[in-house]
1. Kindly list, by first and then second residue, each pair from a residue in the stretch 474-494 that is at positive phi and at pLDDT below 90 to a residue that is surrounded by fewer than 24 Cβ atoms within 10 Å (Cβ to Cβ) and in a loop (DSSP other than H, G, I, E, B), limited to pairs with Cβ atoms under 6 Å and residues at least 6 apart or on different chains.
2. Just one of 525, 512, 518, 456 is surrounded by fewer than 24 Cβ atoms within 10 Å (Cβ to Cβ) and closer than 30 Å to residue 401 by Cβ; which is it?
3. Checking residue 233 against (1) closer than 23 Å to residue 168 by Cβ; (2) surrounded by fewer than 23 Cβ atoms within 10 Å (Cβ to Cβ), only one condition comes out false. Which one?
4. What about residue 705, is it assigned by TED's automatic domain parsing to the domain that holds residue 681, in contact (Cβ under 8 Å) with a residue 60 or more places away in the chain, touching a helix residue (DSSP H, G or I) at 6+ places or on another chain (Cβ under 8 Å) and not charged (D, E, K, R)?
5. Could you tell me whether any residue of the stretch 406-416 is of a type in the set (S, T, N, Q), over 25 Å from the mean Cα position of the chain (by Cα) and surrounded by fewer than 19 Cβ atoms within 10 Å (Cβ to Cβ)?
6. Does the stretch 192-199 include one or more residues that are hydroxyl-bearing (Ser, Thr, Tyr), closer than 15 Å to residue 130 by Cβ, not assigned by TED's automatic domain parsing to the domain that holds residue 412 and not in a loop (DSSP other than H, G, I, E, B)?
7. Has the stretch 411-429 got at least one residue that is among the charged types (D, E, K, R) and in a loop (DSSP other than H, G, I, E, B)?
8. Quick check on this structure: which one of 576, 542, 570 is modelled with pLDDT of 85 or more, closer than 15 Å to residue 621 by Cα and surrounded by fewer than 20 Cβ atoms within 10 Å (Cβ to Cβ)?
Amino acid sequence: MMFVGYLVVCFLATAVNAQTTLEVRLVDGSVANEGRVEVYYDGAWGTVCDDSWDDTDAGVVCRSLGFASGTGVGNAEFGQGSGDIILDDVSCTGTETSLGDCDNAGLGVHNCGHSEDAGVRCSTGVRLFDGITLGEGRVEVLYNGEWGTVCDDGWDLTDANVVCESLGLGAATDAFQSAFFGQGTGTIVLDDVSCSGDETSIFDCGNAGLGIHNCGHSEDASVRCENGVRLVAGSDASEGRVEVYYNGAWGTVCDDSWDDTDAGVVCRSLGFDSGTGVGSAEFGQGSGDILLDDVSCTGTETSLGDCDNAGLGVHNCVHFEDAGVRCSQTNFDDVRLVDGITLGEGRVEVLFDGEWGTVCDDGWDLTDANVVCESLGLGAATDAIQSAFFGQGTGTIVLDDVSCSGDETSIFDCGNAGLGIHNCGHSEDSSVVCENGVRLVDGSDASEGRVEVYYNGTWGTVCDDSWDDTDAGVVCRSLGFGSGTGVGRAEFGEGSGDILLDDVSCTGTEPNLGDCDNAGFGVHNCGHFEDAGVRCSGTNFDVRLVDGSDASEGRVEVYYNGAWGTVCDDSWDDTDAGVVCRSLGFDSGTGVGSAEFGEGSGDILLDDVSCTGTETSLGDCDNAGFGVHNCFHFEDAGVRCSQAVSAELRLVDGTCNSEGRVEILYDGVWGTICDDFWDDTDAGVVCRSLGYSSGTAVGSAEFGQGSGPIIFDDVECTAGDTALEYCQSNAPFENNCSHFEDAGVRCTE
């Protein structure tokens, strides 16, 4: 969008024998540090002609506005102004403090038209360097004429946002510490940076003082920004020459093999729906490096930098081949499910050109259905149904041959035959059944709130008539909790829209609220002051391991409230990993952090996890609260799970069957256990595995010295271990013991 504010500064214009006080502003740039140069003279704003306009002249303008330096552009790159052309033939030496000090033809003297209006791009004194792809890198700032770095003490996403937005790169997606993109050189200029988020420059943020720090370059701060692409010199924000930001500078893209698929990736990354690619510098020739060539996108990429290309900075082009795009916004606002029998299901309809239409079932599958369900907040799809299962729709068949990869946030982002292009009839209308048609709204956290249900294309509320804990339990279990308490009287505020359920009566065995007896969808005698709510507790959510080399390892992800999310590695340890691994059928686990299995996406759902080891689910462990965290995805936790070799236990040389020296058959050999760290918890695990209720530990070969190998040493069980071989210990056969230290137990019924 155009930057609507103006940067204005007063200066003096020198022409022949006169000095006149003027003001300067930048107009119609996409961010505050660029735009058409306009000067205020004789009661009106006017423009500057680009005759002889260069980077030296631009530098004077930019420094007078508080920026570090500038690049001059002409040919009305920021659009044609109006009013008088005030300055022409500007020639600065670079030492001037204002544009008015530079030589010029005289105020109002020119031989130009507004198609020659001059503009500038000012440097903010900040750059991103050594990133791997577009719009990311180590943060470097210009200080005393040299580039230096920023220390990561206190560095967070708010600080990173200020940097990204000041560079026109959108919001920050990650704030990295510990020299993530390599160590810089030179002065560490800023430390203890603390931005509020309202600043336009990192220099405006609180800090320890220029050049004051207690850091080394191993602590250099870095960022990843939302977008490293901009459109330049178009007639509006939806079109222009494509420029990309890499290694501290903006550059262009060559039009070799440039097509609509590539343009679509650019346009969608900028918030549009689709795009058309143009070449041959249709929006004028750029300057600087040509950073991308031979771009070949599949259409599923979220950023141009993800597309195949010849390599950053590798090309065989000149600027008359600069690529551009024309982006477009389709006229749709929503997707809905209609004519379903119960909650969270129905015929898929999309709003296009102001009317609802349908989707043809050619190629329709569960991946496509998933995109629809998740875009509506209804969890994963359980069925993708063809042949107008929920009845035939009317109106236009908007989409056909839909092919989603699964990463899309809207069905319109999926491959398709083109809007309105199809070879179908309404007997082929697509439908879906989603996992959940319930959400909680306006609670203090994700475990409580007003109950809202999705039916026939809209969210509505539930009346509290006969609402009880059994009904609440069905809701809570369907959302991944263990149980719930029902509340009424709009305890979480009054909803709006339809009241969709009344007189709900669940038995407690139903998988979803829509399966419970009720008065009928939309049938009620209630007002919104009777809206029902729940408070959920406990968890039974699913856990999965992602991006490991096999099924026994990976990034830990949990399924909660209809979506998969990650776990932060703060305080993450082997005990926590063990709970995860045992819940997945393994015997034990080792915890890893720092996104060892790659960074996830979506919400970070758990932080400060602290398990005792007795829990059967990760959700039963202490944590900061669902969705409460102070983490980034580079802190995603993972596990490596292991399966212990099956072992057999026996008690030897006791006076009865319930006591004796503990011996274990491991890898085909009977051996003993060393009594180092041996305690009643360890004895309890042994005794319970043998069918007793508890046990007392004894050591020092109280039941005589055994023979053969000493198989385990330093055994440390938790109460949740179900067998001795699952307990933490030294590796089998590794010990510093003798048989006079053989461990024993006395078990009790």
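1. From residues that are at positive phi and at pLDDT below 90, the pairs are 480/541.
2. Just a single option satisfies the conditions, and that option is 456.
3. Exception for residue 233: condition (2).
4. When the stated conditions are applied, residue 705 does not pass them.
5. The answer is no; no qualifying residue exists.
6. No, because not a single residue in the stretch 192-199 is hydroxyl-bearing (Ser, Thr, Tyr), closer than 15 Å to residue 130 by Cβ, not assigned by TED's automatic domain parsing to the domain that holds residue 412 and not in a loop (DSSP other than H, G, I, E, B).
7. no
8. None of the others qualify; the one that does is 570.
The values are calculated or read from the model by the stated rules, or taken from the named source; none is laboratory data. Please read these numbers as outputs of a predicted model, since none were measured by experiment. Reconstructed Cβ throughout: ideal geometry from the backbone, glycine too, with neighbour counts over all protein chains shown.
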